[in-house]
Structure formats: structure tokens, C-alpha cells
Amino acid sequence: NAPPREILDGNQMQFDIILKFENVGEQDVPGKGVNVTIEGIHPSNLKKGNGAATVQDLQHVVLSSKTPPASLNGVKKDPEGERLPGGIDEMNFGTFSFNTTLEGNNEFPLQANVCYNYTTRAVGDFCMKQDLTKIAAGVCEVKGTKPVFSSGGPAQVVSLDESIAGRNKVLLKFKVKATGSGNFFKPDETNPRTGSAACAKGDFAKENFVKVTVDTGVTELTCTGLSGTPPTGSVRLNNG
């Protein structure tokens, strides 16, 4: 009932806007930097306190009023294999009233846009041999599709393929797929102190990217388009 299904116009009725959300993924979501915006109604149509509401009144960049901000725990399994649900929290935007007078019944479908930092982990096995060009049987096959297991999340690693690239080189190719309904953005590297997610919607240079880190435990590993130790970089998602 925050907000209720119906309210009165002309500042005749006060109501609250409270957002309740749950982490249904496997990774913990840090409270620091969660960015929530209420959309669907212009702030000037609302009154908060003694004046018209502002855009800032419908935005929050902290998870809750706790200090330091809490984290939303991810979904876990106990030793018996039972599913333990993820964390639940609430965000209170305050008390409002509808500022203007309407000629009839108007509907304003409120929507909460939530932008947050998230991590998906995937693991798979690949085959290494002393001489990859020999066809002698061994404990594993180099060429082919390998099993890969990805944690639950809005973006997942869905395939891992291995092929021979030389006598002592293998080529690993993996695919990252958007499995959720939201958008993806480059992490905000310019503001590491706050950890705020970079929700640059409409910015082609930042939208539809995921940050990828590949860690195999093998030294001198190189990955096309990635750099550093372990190899890290951004990949763009095309058509999901």
C-alpha cells in the first residue's frame, strides 16, 4: 500500500513510495552504489514537504539507511542441498501528495529502475598436453565443446570450446549471453570510492558491455582483446 492503488489529487491525500526488492542471483550485491530511480510520473506533479518534489526525491544511491550500507546476500544452498533465499531489503522514498488537480481519473504506472554492480562466475575444464599435435590417446580430448557451469545471474557464460592452435597452444572460445531482461553497462571505473554503478543508458560507448576476467591458473596466458594478469577487459554484447 505504498503507494496505494488510488489516491486523491489536489494535495488531499498523502502516501508513501517504498520499494521492496530481493536478490534472486547467487552473488552478493554490495549495498554501496545501488542506484534506484522511480519513473512513470513527473516529479513536479508530486509534493514533498513544503514544495514540489524534485528528481532527486525519486532517486536513491544507497541500499538502505544502514551505515555502512548493507549487502543483499545471494541465494545459497545449505549442506543438505536446501535452497536458502537471497536477501530482501526496502527503500523508502518518503511521503508525497499529488500536487495538481485532474479533470478525470489518470493512471501513472510507477516503475523502479535499479542499477547495481553484479558478478557472474563460470567454471569449465579444458585439456592440456605436452604435444598437442600428436593424436595418441590421453586422459582428455583437446578439440571439442567442454562442459561449463555458470552461476545464476543476468549474464552467463553459456559455452566453452577448445581447439588446437599449435604444438603447445590451445584456443579457448567462450560465449557470454544476456539471460536477464535488463541492460548492461561498463562498471564505473572513475568512481571506485563510492562503487556506484554506471547506468549510462543511451551512451553507446558504455552500454551493452560486460567486464570479463579469465583465470586458468596457467602462467603466460594471453587472451585476444584482454590484458593484464589475470587477463581482463570489456566485451560488447550483440543482440543478447
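Since every read-out is calculated from the coordinates, none of them should be taken as a lab result. All values derive from a computational prediction rather than experimental measurement. Quick reminder, even Gly has a Cβ in these numbers, built from the backbone with ideal geometry, and neighbours come from all protein chains shown.
Points worth noting:
- Based on every Cα atom in region 123-240, Rg and the maximum pairwise Cα distance Dmax equal 17.1, 55 Å.
- Taking Cα centre as origin and charging only the Cβ of basic (Lys, Arg, +1) and acidic (Asp, Glu, -1) residues, the dipole magnitude of the chain rounds to 940 debye.
- Cysteines not pairable in the chain (beta carbon separation under 4.7 Å absent): Cys223
- Which labelled figure in [x] 99; [y] 182; [z] 151 is volume of the Cα convex hull per residue in Å³, once derived from the coordinates: [y]
- Span from the region 204-240 Cα centroid across to the region 14-33 one, whole angstrom: 28 Å
- Loop trypsin sites (Lys or Arg not before Pro), region 65-125, which have at most 12 other Cβ atoms in a 10 Å radius of their Cβ (DSSP): Lys66
- Semi-axis lengths, Å, region 21-61, gyration tensor of Cα atoms, sqrt of 5 times eigenvalues: 29, 11, 7
- Largest mean-square fluctuation among Gln56, Gln12, Gln27, in a Gaussian network model of the chain whose springs join Cα atoms under 10 Å apart, belongs to Gln12.
- Remark: relative contact order (region 95-240) = 16 percent; criterion is Cα-Cα distance under 8 angstrom and separation of 6 or more residues.
- Taking Val114, Val55, Val24 as the candidate residues, the one with maximal mean-square fluctuation in a Gaussian network model of the chain, Cα springs under 10 Å, is Val55.
- Build a GNM of the chain with springs between Cα atoms under 10 Å apart, and of Gly153, Gly94, Gly138 the one that fluctuates most is Gly138.
- Value of D in µm² per second that Stokes-Einstein yields for region 1-43, Kirkwood Rh from Cα pairs, at 4 °C (1.567 mPa s): 95 µm²/s
- In terms of its Cα atoms, region 1-118 spans 59, 26, 18 Å along the principal axes, sorted from long to short.
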